[in-house]
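Report on the structure given below.
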Amino acid sequence: MAECNHLLRIRVWLAIFITGLLASGATAFPLESELRWLVSWLHASRLRESAQAIHLLPWLDRVEAALIDTNARYPFLAYGTDWLAFAHLVIAIAFLGPLVDSVRNKWVIQFGLIACAGVIPLALIAGPMRGIPLPWRLIDSSFGVFGSIPLLICLRSVGALEHRNELRIATERV
């Protein structure tokens with residue numbers, strides 16, 4: 001019965017992780033329209049003063065202007081974010097392996113943890129080189145931190161399943 005609990009836990013947390021990857025991928029395609037909506041909403045909402053005070057609104061205004069200008073003058077650069085979106089979708093597909101057979105595909109979960117760990121140095125090293133404000137780099141880093149939580153939970157349950165399998169094999173030999 002405990003095996004079912006581990007399998008259920010793995011499948012629930014992987015489903016959450018896959019959903020996050022799919023959402024990240026799908027939302028990377030329409031950046032300009034999403035940003036336009038967010039900025040106009042912030043300007044019209046009760047959060048405007050707070051967003052202004054923490055310098056979020058001026059940053060988003062600047063990013064929106066740059067994205068509009070870039071897309072108008074150099075639309076081919078958006079192809080890079082199209083590939084970023086595609087990569088998120090493909091990585092999500094890779095996690096179907098451990099969803100079906102978590103023990104055999106444990107390496108995919110480990111790969112995901114390595115990728116989550118890599119988010120942090122990328123954000124903290126490349127961010128300043130690209131002029132990204134520190135709070136935004138910390139938000140980007142949080143994706144690596146929060147993304148690792150479901151994967152660590154899965155890895156622990158996979159370990160428990162592996163241990164059970166080893167005990168079962170040892171018992172059958174006796």
Count of residues meeting criterion [closer than 14 Å to residue 151 by Cβ, open to solvent by less than 40 Å² (accessible area, probe 1.4 Å) and out of contact with any Ser or Thr (no Cβ under 8 Å at 6 or more places or on another chain)] in segment 113-136: 1
Single unsatisfied condition, residue 102 versus (1) part of a helix (DSSP H, G or I); (2) over 17 Å from the mean Cα position of the chain (by Cα): (1)
Within segment 47-78, considering residues that are in a helix (DSSP H, G or I) and among the aromatic types (Phe, Trp, Tyr), the one farthest from residue 139 (Cα to Cα): 76
Residue check, residue 86 assigned to a helix (DSSP H, G or I) and either touching a strand residue (DSSP E or B) at 6+ places or on another chain (Cβ under 7 Å) or loosely packed, with under 12 Cβ neighbours inside 10 Å (or both): no
Answer residue from segment 12-46, given it is open to solvent by less than 70 Å² (accessible area, probe 1.4 Å) and outside any helix (DSSP H, G or I) and is nearest to residue 80 (Cα to Cα) among those: 30
Residue in segment 126-133 that is closer than 16 Å to residue 28 by Cβ, of a type outside the set (Asp, Glu) and modelled with pLDDT of 95 or more present: no
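The values are calculated or read from the model by the stated rules, or taken from the named source; none is laboratory data. Because the structure is a prediction, the values reported are computed rather than measured. Don't worry about glycine lacking a Cβ; one is built from the backbone with ideal geometry, like all the others, and counts go over all protein chains shown. All accessible areas refer to the heavy atoms of the entire protein, side chains included, with ligands and DNA or RNA removed. Shrake-Rupley method; radii C 1.70, N 1.55, O 1.52, S 1.80 Å.
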